[in-house]
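The values are calculated or read from the model by the stated rules, or taken from the named source; none is laboratory data. Just so it is clear, the structure is predicted and the values come from calculations on it, not from any experiment. Ideal geometry is used to build each Cβ from the backbone, glycine not excepted, and the neighbour counts take in all protein chains shown.
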Amino acid sequence: MQQAGLTVHVDAGGNLVGRLEGATPGAAPIMTGSHTDTVFDGGRYDGIIGVLAGIEIAHTLTEHGVQLQHPFEVVDFLSEEPSDFGVSCVGSRAMVGLLSPEMLAQKSPAGQTLSEAIESVGGRPKELGRAIRGPGSVHSFIELHIEQGPVLEREQIPIGAVTDLVGIRRYRVVITGQADHSGTTPMDYRKDALLGASILIQATNAKARALNTDTAYVVSTVGYLTVLPNSSNAVPASVEMMLEVRSNRNSVLESYGDELFAQIHAEIAAEGLTLDASSVSYGEPALFHPAVVELIGDAATERGYVSLRMPSGAGHDAAYLSKIAPSGMVFIPCLNGRSHCPEESIEPEQLKKGLQVTLDSVLKLDTIAGFAE
Ligand code: HGY
Ligand code: MN
Ligand code: MN
């Protein structure tokens, strides 16, 4: 960032922020960026290309002696992935004042709190009771990201102008049974916590499938699960898992967990098990500003690139920035739509087109003094 002429600081939320000053004194910054953390065994492009794109745009502006009217900021947001603490978009939630005390108290398996972890990377969690950037303090936000899905590649379209993001809700669920000898305990005597987990997983899979319509998008996943004592010859005593549900319908997110846990309560109890669920995070569906979406489409057209207006099934830092500033995202295709795995891949030419459209969008944003509400 410094080589690109950006002055750099770490904010109270642990975000790494690079800044080029603008020509208009006191103007709110145009911000871009994404995240450089990945899921375990993840890919090399999810998030990372959005931070590198911002740095490359800063290089390009300084190399060509272009000073924008607005300051230009590039942000590497802290911990966009759920990480050890179960909370995603840690830095972007902190930036807009949505990192709650409950989230800051979430613990890693090693027992460290999220608050302690933020402090260990240079953040100042005690200041997070209020937004680092309030409404109006950021002119606009734009994020370049891989689609992480198959649509652009299948349609052979180089640019996605993202219209909206699904909301994401995550629950920590603990199912408690009783450890017993796997050989001497007859089937009817068992309190098998993993059987309880399978009841929940089957139920949420069926529920999510049933809730999908041609306008409602609903997906549910249990991707994180730990079993204790995790021995081949012991009936599982307890299972801790993260249940995630995503939808473009906030009404689905509001009621999903309560409905699901009520639905399986009798079956769980019949196995002698208990189920405890706590809501870990709840990000509502986010809409991007129509003027920003249109501007991204125009930038693509002016480069001779076809673009597609499309929703995002993935969560992004832009979801939180959209609560304080007109925001948008530029998608590029990725190989077979794969992501969150080592097979995640893009072609340099795809990244180049995405970078050009993002740069042109920043230049267009710089001509807009302010957005109509
Ligand atoms: O989980 C997500 O949607 C994002 O890729 N972190
Ligand atoms: Mn991701
Ligand atoms: Mn990402």
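Counting only residues that are touching a helix residue (DSSP H, G or I) at 6+ places or on another chain (Cβ under 9 Å) and crowded, with 21+ Cβ neighbours inside 10 Å, segment 241-257 holds 6 of them. Name the pairs: first residue in segment 300-320 and in the same structural domain as Thr215 (by TED's automatic domain parsing), second residue charged (D, E, K, R) and within 15 Å of ligand 1 (Cβ to nearest atom), Cβ to Cβ under 9 Å, at least 6 apart or on different chains? Filtered contacts from segment 300-320: no entries. Every condition in (1) within 20 Å of the chain's Cα centre (by Cα); (2) away from ligand 2 (no atom under 16 Å from the Cβ); (3) part of a loop (DSSP other than H, G, I, E, B) holds for Pro135 except the one numbered (1).
Here's the yes/no breakdown for (1) more than 16 Å from ligand 3 (Cβ to nearest atom); (2) in a loop (DSSP other than H, G, I, E, B); (3) among the aromatic types (Phe, Trp, Tyr):
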{"residue": "Ser79", "(1), (2), (3)": "no, yes, no"}
{"residue": "Arg93", "(1), (2), (3)": "no, no, no"}
{"residue": "Leu98", "(1), (2), (3)": "yes, yes, no"}
{"residue": "Pro109", "(1), (2), (3)": "yes, yes, no"}
{"residue": "Glu119", "(1), (2), (3)": "yes, no, no"}
{"residue": "Lys126", "(1), (2), (3)": "yes, no, no"}
{"residue": "Arg130", "(1), (2), (3)": "yes, yes, no"}
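In segment 328-349, the residues that are surrounded by fewer than 12 Cβ atoms within 10 Å (Cβ to Cβ) reach residues that are not in a loop (DSSP other than H, G, I, E, B) with C-beta atoms within less than 9 angstrom, at least six apart or across chains, in these pairs: Glu343/Leu335; Glu343/Asn336.
Can you tell me which residues in segment 255-283 are part of a strand (DSSP E or B) and of a type in the set (Gly, Ala, Ser)?
So in segment 255-283, the residues part of a strand (DSSP E or B) come out as 274-283.
Ala277, Ser278, Ser279, Ser281, Gly283, listed by residue number.
Which of the following residues is touching a Lys or Arg at 6+ places or on another chain (Cβ under 6 Å) and either in the same structural domain as Val173 (by TED's automatic domain parsing) or part of a strand (DSSP E or B) (or both): Val252, Val219, Val239? So that I can check it myself, show each step before the final result.
Working: Val252 fails: touching a Lys or Arg at 6+ places or on another chain (Cβ under 6 Å); Val239 fails: touching a Lys or Arg at 6+ places or on another chain (Cβ under 6 Å).
Of Val252, Val219, Val239, the one residue that is touching a Lys or Arg at 6+ places or on another chain (Cβ under 6 Å) and either in the same structural domain as Val173 (by TED's automatic domain parsing) or part of a strand (DSSP E or B) (or both) is Val219.
Apart from one condition, Gln69 fits all of (1) part of a loop (DSSP other than H, G, I, E, B); (2) free of Cβ contacts under 8 Å to residues at least 40 places away in the same chain; (3) over 24 Å from Gly337 (Cβ atoms); the exception is (2). Across segment 187-212, which residue is nearest to Ala270 (Cα to Cα) among those that are outside any helix (DSSP H, G or I) and in contact (Cβ under 8 Å) with a residue 24 or more places away in the chain? My answer is Lys191. When Leu152, Leu200 are checked against the criterion of being within 16 Å of ligand 3 (Cβ to nearest atom) and either buried (at least 19 other Cβ atoms within 10 Å of the Cβ) or not aliphatic (A, V, I, L, M) (or both), Leu152 stands alone in meeting it. Within segment 52-66, being part of a loop (DSSP other than H, G, I, E, B) and on the phi < 0 side of the Ramachandran plot holds for His64, Val66.
Here Thr184 meets the list (1) within 16 Å of ligand 3 (Cβ to nearest atom); (2) free of Cβ contacts under 8 Å to residues at least 12 places away in the same chain; (3) not small (Gly, Ala, Ser) almost entirely, failing just condition (1). For segment 116-149, residues that are in contact with a strand residue (DSSP E or B) (Cβ under 9 Å, 6 or more places away or on another chain), aliphatic (A, V, I, L, M) and buried (at least 21 other Cβ atoms within 10 Å of the Cβ) total 4.
Ser279 satisfies every condition listed in (1) modelled with pLDDT of 95 or more; (2) away from ligand 3 (no atom under 16 Å from the Cβ); (3) surrounded by fewer than 18 Cβ atoms within 10 Å (Cβ to Cβ) except (1). Filtered by the rule that a residue be acidic (Asp, Glu), surrounded by fewer than 22 Cβ atoms within 10 Å (Cβ to Cβ) and either within 14 Å of ligand 1 (Cβ to nearest atom) or under 18 Å from the mean Cα position of the chain (by Cα) (or both), segment 1-58 gives Asp37, Asp41.
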